[in-house]
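Before any comments, here is the structure.
Laboratory data are not the source of any read-out in this text; all were calculated from the coordinates shown. From a predicted model like this one, the values you see are computed outputs, not experimental measurements. Don't worry about glycine lacking a Cβ; one is built from the backbone with ideal geometry, like all the others, and counts go over all protein chains shown.
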Amino acid sequence: MECDKCPSEAVMHAAYSGLHMCEEHFCASVEKRVRSRVREDNLLPDDATVEDPETWVIGLSGGKDSVVLTQILHDTFAKDPRVELIALSIHEGIDEYRDKSLEACEELTDDLDVRHETVSYAEEFGVEMDDVVEEDPNNMAACAYCGVFRRDILSTYAEEFGADKLLTGHNLDDEAETALMNFFEGDIRKMSQQFDSSIGPFEGADASRTRGESDDFIPRAKPLRDIPEKEVALYAHLQDLPAHMTECPHADEAFRGEVQELLYELEERHPGTRHSIMSGYEELAGLASAEYRDGTPDLDECDNCGSPTTGEFCRKCDLLETLEAV
Ligand code: SF4
Ligand SMILES: [Zn+2]
Ligand SMILES: [Zn+2]
């Protein structure tokens, strides 16, 4: 099959757009969509200057998504002195798996000459995920502990590095899954929070609604969220990027798995479903954010670590205490 834009052979067919694309046109299209998202969400504000650049911390796990994100942002901004990129990797204490993916992170950041920092749960909290899974004092999924610890490290270190924004490699499938999970849980407040913390356009964007920013958290953004997972994987493969492809041995988000399957079947039968879920979700989350904005409670500081929280202690400190008690 021929590329729709040139006589070269197509390497992919996107059912949702009907397009066949050759390697060159496919890669250019991925890059263009990421750059459009950066522009549309106004990630780089007008007041960023050479003297006062924007610092973006990228959560780099070594998986295909964050590797592709780092590569494209580097290609886009390496020569722009208004943006400084720092890659932050986390070792959760998942032996085989994370050691391998950190090698991929090292290789990529060495190639690109991007500053790279690594923090581990062991140094930071005195725990390793391999042990947490064994002990599991709260009878929870591994990812429920791991997600809380990861968010804490990303925020703490993004702040330490003076980050203006924290960027993660969530792709279209990840985002459509999260959107559906929030729908199914009926959690409109969560949608509003997600709009304000990570998907709403920043002030100054040419959009009908922008996010309500808070001083409590470093704003997040997901520039890959228009790119389907398979296309991220294909891009990483075609560009020969050092991405680590195996799955974490503790991955066990059961509900997400069900939603993933459902979404896969829907997309097969009705191409474009993921895109339409997201456009409706963003609209709704923006409306919810405007509705709830004034009623959002002020956050206190955790009595133990100072992180923003609604209670006396933050979730991370609560979990660490239960683990210490084992
Ligand atoms: S899959 Fe779950 S346990 Fe494994 S690294 Fe991700 S969040 Fe942590
Ligand atoms: Zn082509
Ligand atoms: Zn705390």
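Can you compute the FRET efficiency between Val50 and Asn139 using 1/(1 + (r/R0)^6), with r the Cβ-Cβ distance and R0 = 51 Å? Round to the nearest 0.05. Please report the intermediate quantities before stating the final value.
Details: r = 53 Å, r/R0 = 1.03.
Once rounded, the FRET efficiency stands at 0.45.
Rounded, prolate or oblate: which fits segment 5-129 when a ≥ b ≥ c are the square roots of the eigenvalues of the alpha-carbon gyration tensor, with rounded for a/c under 1.5 and prolate only if a/b beats b/c? Oblate, since a/c reaches 1.5 and b/c is not below a/b.
Nothing charged except the Cβ atoms of Lys and Arg (+1) and of Asp and Glu (-1): what's the magnitude of the dipole of segment 132-238 about its Cα centre? Round to the nearest 20 debye.
Values: 11 positive and 22 negative charges, 53 e Å.
Computed about the Cα centre, the dipole is about 260 debye.
Helical runs (DSSP H, four residues minimum) scored at -39500 (n - 2.57) apiece and divided by the length of the chain put the mean residue ellipticity at 222 nm at -15500 deg cm²/dmol.
Projecting the Cα atoms of Ala288, His250, Ala158 onto the charge dipole of segment 48-295, computed from C-beta unit charges around the Cα centre, puts Ala288 farthest toward the positive end. Simple point charges give the picture: +1 on the Cβ of Lys and Arg, -1 on the Cβ of Asp and Glu, and for segment 48-295 a dipole about the Cα centre of about 940 debye. Taking the C-alpha atoms only, the angle from helix 142-160 to the longest principal axis of the chain is near 90 degrees. Centroid-to-centroid, using Cα positions, segment 66-132 and segment 214-291 are 20 Å apart.
Do any of Lys32/Lys165; Lys165/Lys222; Lys64/Lys190; Lys190/Lys230; Lys64/Lys222; Lys79/Lys230 go past 18 Å between their Cα atoms, and which?
Values: Lys32/Lys165 21 Å; Lys165/Lys222 10 Å; Lys64/Lys190 27 Å; Lys190/Lys230 27 Å; Lys64/Lys222 14 Å; Lys79/Lys230 29 Å.
Pairs exceeding the cut-off: Lys32/Lys165; Lys64/Lys190; Lys190/Lys230; Lys79/Lys230.
State the antiparallel share, in %, of DSSP beta bridges confined to the chain, rounding to the nearest 5. Don't jump to the answer; show the numbers that get you there.
Working: 6 of 23 bridges.
For the chain, the DSSP antiparallel bridge percentage is about 25.
For Glu54, the residues whose modelled amide H falls within less than 5 Å of its own, excluding neighbours fewer than 5 places apart on the same chain, are Thr49, Val83, Glu84. Residue farthest toward the positive end of the dipole of the chain, with Cβ of Lys/Arg at +1 and Asp/Glu at -1: which of Ser276, Val148, His91? After comparing all options, I get Ser276. Which shape class applies to the chain: rounded if a/c is under 1.5, otherwise prolate when a/b exceeds b/c and oblate if not, where a ≥ b ≥ c are the square roots of the Cα gyration tensor eigenvalues? Here the chain falls in the rounded category. Using only Cα atoms, find the angle between the long axis of helix 64-77 and the longest principal axis of the chain, and express it within 0 to 90 degrees, rounded to the nearest 10. It is inclined by approximately 70 degrees.
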